[in-house]
Amino acid sequence: MADEVLFEFLHMEIVSQFHQSGTKEEKDQCISKLEALGFRVGQSLIERFTKECPRFKDELDTMKFLCKEFWNSVYKRQIDNLRTNHQGVYVLQDNKFKFLILMSTGKQYMESAPRYLAFPCGMIRGALSNLGINCIVTAEVSAMPACKFQIQIQRS
């Protein structure tokens with residue numbers, strides 16, 4: 001319980017620090033910096049979580065692991081819904097995303113939601129990158145605290 005609160009507090013402070021420090025140009029780069037930080041954290045976490053796991057059969061198997069095990073380890077709950085078009089696009093939906101629950105009291109916070117989703121997007125991309133899946137991850141919030149993470153696999 002204490003770890004969860006500390007993680008939430010740390011995330012809020014990191015977002016606040018990146019957004020409030022520096023010039024106008026540095027504030028514009030806030031989301032990129034948060035995503036890069038999340039990428040590195042995702043790479044490290046997935047190494048630890050998959051150390052003793054067998055190899056995944058395919059992309060869908062990897063995504064299921066991400067939704068169940070990875071998300072549960074980080075956010076203490078599973079992703080609510082996983083959808084795919086079987087052509088390299090996956091949508092992960094979390095109806096009660098932990099970082100948006102505290103600020104979901106009104107629509108005035110919708111514009112600041114992307115700042116709080118950059119780190120998780122980077123974490124997802126970093127985790128998948130370390131598993132050999134190159135992708136682009138974007139987040140969308142239509143009604144708080146629900147959010148969708150769209151993962152588009154980059155084929156080479």
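For the condition farther than 17 Å from A36 by Cβ and either of a type in the set (V, I, T) or part of a helix (DSSP H, G or I) (or both), V91 qualifies. Based on what the data block shows, is I124 assigned to a helix (DSSP H, G or I), touching a residue at least 12 places away in the same chain (Cβ under 8 Å) and of a type outside the set (F, W, Y)? The answer is yes for I124. Hey, could you check region 21-35 for residues that are out of contact with any helix residue (DSSP H, G or I) (no Cβ under 6 Å at 6 or more places or on another chain) and either under 30 Å from T84 (Cβ atoms) or at pLDDT 75 or above (or both) and say which is least open to solvent (accessible area, probe 1.4 Å)? Looking at residues that are out of contact with any helix residue (DSSP H, G or I) (no Cβ under 6 Å at 6 or more places or on another chain) and either under 30 Å from T84 (Cβ atoms) or at pLDDT 75 or above (or both), I get S32. Among the residues of region 55-65, is any in contact with a His (Cβ under 9 Å, 6 or more places away or on another chain) and over 20 Å from L10 (Cβ atoms)? Yes: region 55-65 contains one or more residues that are in contact with a His (Cβ under 9 Å, 6 or more places away or on another chain) and over 20 Å from L10 (Cβ atoms).
Going by what's in this entry, would T138 be described as within 22 Å of I153 (Cα to Cα), of a type in the set (S, T, Y) and under 11 Å from the mean Cα position of the chain (by Cα)? So T138 fits the description; yes.
Yes or no, residue by residue, for (1) of a type in the set (A, V, I, L, M); (2) modelled with pLDDT of 95 or more:
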{"site": "L117", "(1), (2)": "yes, no"}
{"site": "E140", "(1), (2)": "no, no"}
{"site": "P145", "(1), (2)": "no, no"}
{"site": "Q150", "(1), (2)": "no, yes"}
{"site": "R155", "(1), (2)": "no, no"}
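Residue-level check: of (1) more than 18 Å from the chain's Cα centre (by Cα); (2) of a type in the set (A, V, I, L, M, F, W, C); (3) modelled with pLDDT of 90 or more, F70 misses just (1).
Summed over region 32-80, the residues that are farther than 13 Å from M123 by Cα and among the β-branched types (V, I, T) give a count of 3. With respect to the conditions (1) touching a strand residue (DSSP E or B) at 6+ places or on another chain (Cβ under 7 Å); (2) open to solvent by 30 Å² or more (accessible area, probe 1.4 Å); (3) on the phi > 0 side of the Ramachandran plot, G88 falls short on a single one, namely (2).
Evaluate the following for F56: is it in a loop (DSSP other than H, G, I, E, B) and open to solvent by less than 80 Å² (accessible area, probe 1.4 Å)? Judged against the criteria, F56 is a match.
Comparison of D80, D94 shows that the only residue that is surrounded by fewer than 16 Cβ atoms within 10 Å (Cβ to Cβ) and without any contact (Cβ under 8 Å) to a residue 60 or more places away in the chain is D80.
The values are calculated or read from the model by the stated rules, or taken from the named source; none is laboratory data. All values reported here derive from a predicted model rather than from experimental measurement. All Cβ positions, glycine included, derive from the backbone under ideal geometry; neighbour counts span all protein chains shown. Just so you know, the surface numbers come from the protein's heavy atoms only, side chains and all, with ligands and any DNA or RNA stripped out. Shrake-Rupley method; radii C 1.70, N 1.55, O 1.52, S 1.80 Å.
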